[in-house]
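Written below as structure tokens is the structure these notes are about.
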Amino acid sequence: MTVTVTIAEAVDEAPLPFPSSPDAHLTDPLTRATLRVQSRMLAATRAFLTARGFQELLPPIIGPVTDPGIRGSKQVDVDFYGHTYKMMTSAILYKQASLLAFDKIFYIAPNVRLEPLETAVTHRHLAEFHQIDVEIRDARREDAMDLAEQLVTHVVADAVAGLPDDLALLGRDTDTLHKAVAASFGRVAHRQATTELTGLGHPQDPAAEIDWQGEEIVSARAGRPFFITDYPKGSRGFYDKEDAQHPGVLRNFDLIAPEGYGELASGSEREHDYASLVTRMRETGENPAKYGWYLDLARRGIPASSGFGIGLERFTRYVTGRQAAWQASAYPKLPGVVSA
Ligand code: AMP
Ligand code: MG
């Protein structure tokens, strides 16, 4: 199914009233229904992954270094006995390290990112959020995409089957959800997606990341989730592996939700070779000297892997049909907004 929308319709940046107090938010019947759905989604995620041999680990919360991040979000420093540690923006470096112990791992991981103020109105950005973080040893990108597709399909179908009353209260059309995961997800290369966006009157540089508006436009035109693959080097972190056959192109992907909900997950085949990691760090403006423990490990040998992280609040927003990701958090932290 293809839904055609105009750019003005797709990019709805009308501000949503943010709750005046934590109790107003927590006691709202819609918040409670959303959090019940989220709880069930977490249970379904754990059941799905553990049945396939994945080991759940508790993620680190602070460390000497974290995912350098992109798109202008800032890291939060922690004074660790005189050393500057960081709150995790993502646990990617630890996911790779964890494969020394187990072949398949997952975290339900909290992340803190001080996102730019202008993202407060995208309905997708929180300063504190969670990822369903998955990593698979010796896997190819396609294995990770297949698993992400199966996991999302399972979790959506489970919520629709198990919580029809909550979804009805939330006004979520479960028929639309059901249809969205009834067939396999589409796959489109980044270059093709940028060409389509440019054709729609939203010029998009094929050598750059797709902007927030572009992401929402391609999402609003889709009837079911789909993958965008092969992002250009420079748009992503040093740990996304470069395609040996196509220099300048990364072996990565985003999973985009339909109906304008936007990006649900990012993932990739990982760089794990010591020399390549150092080169890629330098290319992305990172100082290798900061990454002591990680590069020491890489020198001794980090396993090859692929993996992904699904934004839990964004995934919940999609399943529950809420207007904004913050509505899928019990104690939402919106960029720049002082709250509980
Ligand atoms: P990233 O590695 O930056 O792509 O983050 C992984 C996933 O986490 C994304 O695909 C989103 O679903 C989610 N995510 C990233 N940043 C935020 C944010 N500021 N607020 C809520 N969810 C986010
Ligand atoms: Mg991403």
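The values are calculated or read from the model by the stated rules, or taken from the named source; none is laboratory data. The structure presented is a predicted model; accordingly, all values stated were derived computationally and were not measured. Note that each Cβ is placed from the backbone with ideal geometry, even for glycine, and that neighbours are counted across all protein chains shown. Quick note on the areas: whole protein, heavy atoms, side chains included, nothing else; ligands and nucleic acids left out. Shrake-Rupley method; radii C 1.70, N 1.55, O 1.52, S 1.80 Å.
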Using a Gaussian network for the chain with springs between C-alpha atoms less than 10 Å apart, which of these wobbles most: ALA208, ALA265, ALA159?
-> ALA208
Bin all alpha-carbon pair distances of the chain at 10 Å intervals from 0 and give each bin's fraction as a whole percent.
-> 5, 25, 36, 25, 8, 0
Of HIS246, HIS154, HIS202, which is the most mobile in a GNM of the chain whose springs link Cα atoms less than 10 angstrom apart?
-> HIS246
Pairing the Cα long axis of helix 29-51 with the longest principal axis of the chain, what angle in degrees results, from 0 to 90 and rounded to the nearest 10?
-> 40 degrees
Any idea which of VAL156, TYR107, PHE185 is furthest toward the positive side of the dipole for the chain, if Lys and Arg beta-carbons carry +1 and Asp and Glu beta-carbons -1?
-> TYR107
Which residue, chosen from TYR231, LEU297, GLN327, occupies the Cα position most advanced towards the positive end of the dipole of the chain, where the dipole is computed from +1 (Lys, Arg) and -1 (Asp, Glu) charges on Cβ about the Cα centre?
-> LEU297
Okay, which of segment 65-88 sit inside 18 Å, backbone N to the point 7 Å along the Cα-Cβ direction of LEU117?
-> 72-75
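To the nearest 20 debye, what is the magnitude of the charge dipole of the chain about its Cα centre, counting +1 on the Cβ of each Lys and Arg and -1 on the Cβ of each Asp and Glu?
Details: 35 positive and 45 negative charges, 127 e Å.
So the dipole magnitude of the chain works out to roughly 620 debye.
Given +1 on the Cβ of Lys and Arg, -1 on the Cβ of Asp and Glu, and no further charges, what dipole in debye does segment 273-316 carry about its Cα centre, rounded to the nearest 20?
Values: 6 positive and 5 negative charges, 16 e Å.
Computed about the Cα centre, the dipole is about 80 debye.
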With every protein chain kept in place and a 1.4 Å probe, the residues ARG36, ARG236 fall, from largest accessible area down, as ARG36, ARG236
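Could you work out how much longer the chain between ASP143 and VAL76 gets when fully extended? Use 0.36 nm per residue separation minus the Cα distance between them, nm to one decimal.
Details: separation 67, 0.36 × 67 = 24.12 nm, distance 3.32 nm.
Using 0.36 nm per residue and subtracting the Cα-Cα distance, I get 20.8 nm.
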Specify the angular offset, from 0 to 90 degrees and rounded to the nearest 10, of the alpha carbon long axis of helix 274-283 from the longest principal axis of the alpha carbons in the chain.
-> 60 degrees
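Please work out the average accessible area per residue across the chain, using the 1.4 Å probe convention, and give it in Å².
43 Å²
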Once label points are set 7 Å from the Cα along Cα→Cβ at both ARG191 and SER20, what is their separation, rounded to one decimal in nm?
-> 5.5 nm
Measure nothing but the geometry: give the 0 to 90° angle between the long axis through the Cα atoms of 190-199 and the longest principal axis through the Cα atoms of the chain, rounded to 10°.
-> 40 degrees
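In whole percent, and with a 1.4 Å probe on the protein chains, what portion of the accessible area of segment 173-236 is carbon and sulfur?
Details: 1420 of 2770 Å².
Of the solvent-accessible surface of segment 173-236, carbon and sulfur hold 51 percent.
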Total lysine pairs under 29 Å (Cα atoms) in the chain, excluding pairs fewer than 8 apart on one chain | 24
Which of ALA182, ALA148, ALA109 moves the most in a Gaussian network model of the chain with Cα springs under 10 Å?
-> ALA182
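Under a 1.4 angstrom probe, counting protein chains only, how are MET145, MET87 ranked by accessible area, largest first? Could you put the intermediate results ahead of the total?
Values: MET145 5, MET87 50 Å².
Descending order: MET87, MET145.
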